[in-house]
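The values are calculated or read from the model by the stated rules, or taken from the named source; none is laboratory data. Not measured: the values here are computed from a predicted model. In this analysis, Cβ positions are derived from the backbone assuming ideal geometry, glycine residues included, and neighbour counts consider all displayed protein chains.
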């Protein structure tokens with residue numbers, strides 16, 4: 001089933017690169033739902049939006065891919081859904097940046113990662129007491145620093161687990177690792193963090 | 001953090017990474033980069049989540065419900081070792097020990113046992129909320 005999709009996509013991509021409008025229409029139809037999801041997820045996080053905004057951004061993404069012949073740069077058909085999700089997200093972020101520059105009253109959308117910065121912001125914003133807020137911010141900073149000091153593989157796995165709340169099997173699936181290795185990295189990472197942070201955890 | 005402003009992989013390469021289409025060296029290189037670049041990690045996580053949310057209609061996914069997928073490898077090995085202990089009586093004790101070890105690994109590895117251990121640890125810490133959260137999450141799975 002998986003390979004069927006990849007073969008179909010491969011064929012479709014080749015035809016699109018050759019300028020076949022019919023193949024392009026088919027590809028748009030197959031993946032527009034996925035691209036809409038990518039766009040909606042970005043818009044939802046940052047500001048209010050209208051339904052037609054998603055359509056506009058989708059059109060921009062598709063025009064970018066078609067008019068600039070971007071499909072030619074894709075080497076593996078199996079990567080197509082991920083790549084389209086990335087392109088749609090990039091376009092949505094550009095759109096948000098433009099919208100923020102037109103409406104200066106709106107807070108500028110951050111192109112940065114939610115991860116550690118968000119943890120920091122979230123921790124700092126959950127208390128009204130300034131001293132408590134400062135303490136929490138410092139704690140968050142210490143946690144961030146400790147995570148950054150972990151060995152590379154543990155760091156990546158721990159970030160996905162702690163900052164993005166991903167379960168062991170999701171991390172294994174995303175990184176293409178055995179689930180046992182992921183669990184092992186998490187166990188070791190947590191132990192190191194516990195040693196590093198002492199009474200904080 | 002140290003790589004934050006250095007090299008960033010192309011979007012196509014990041015997509016290849018998520019689709020598991022990269023060779024080991026490049027794959028490790030991308031994983032190292034993701035560990036220290038919040039922007040690319042964010043990009044990769046969002047793409048992965050989007051494709052997952054879009055579901056089977058757009059994504060190549062593994063077939064579910066296969067009989068072999070539900071059988072734990074350790075259980076199979078334990079059974080094989082147990083049978084071998086009778087077929088090759090000379091190594092009866094060795095195979096029997098292997099059966100016990102693999103059987104123990106199977107029990108510890110099974111989802112239900114892991115849930116029980118997590119619930120027990122949460123209760124030991126006196127965190128009933130966490131215990132019920134673990135239990136609910138597992139029930140949903």
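For this structure, a couple of remarks:
- When each of B:98, B:78, B:6 is tested for being crowded, with 18+ Cβ neighbours inside 10 Å, modelled with pLDDT under 90, more than 9 Å from chain A (Cβ to nearest Cβ) and more than 20 Å from the chain's Cα centre (by Cα), the lone residue that passes is B:78.
- Selection status of residue A:15, over 28 Å from residue A:99 (Cβ atoms) and free of Cβ contacts under 8 Å to residues at least 60 places away in the same chain: yes
- Under the condition of being under 28 Å from residue A:18 (Cα atoms) and part of a loop (DSSP other than H, G, I, E, B), the residues counted in segment A:34-79 number 5.
- Answer from B:20, B:52 - the residue that is within 11 Å of chain A (Cβ to nearest Cβ), closer than 21 Å to residue A:159 by Cα, modelled with pLDDT of 90 or more and in a loop (DSSP other than H, G, I, E, B): B:20
- Residue match in segment A:189-196 (condition: under 20 Å from residue B:118 (Cα atoms) and modelled with pLDDT of 90 or more): no
- Scanning segment A:163-182 for residues that are surrounded by 15 or more Cβ atoms within 10 Å (Cβ to Cβ), more than 9 Å from chain B (Cβ to nearest Cβ) and touching a helix residue (DSSP H, G or I) at 6+ places or on another chain (Cβ under 7 Å) yields a count of 5.
- Residue check for residue A:55: more than 14 Å from chain B (Cβ to nearest Cβ) and in contact with a helix residue (DSSP H, G or I) (Cβ under 8 Å, 6 or more places away or on another chain): no
- Looking only at segment A:2-32, and only at residues there that are more than 18 Å from residue A:70 (Cα to Cα) and exposed (fewer than 14 other Cβ atoms within 10 Å of the Cβ), the one that is modelled with the lowest pLDDT: A:2
- Evaluation of residue A:105 against the conditions (1) at pLDDT below 85; (2) surrounded by fewer than 14 Cβ atoms within 10 Å (Cβ to Cβ); (3) within 23 Å of the chain's Cα centre (by Cα) shows that the sole unmet condition is (3).
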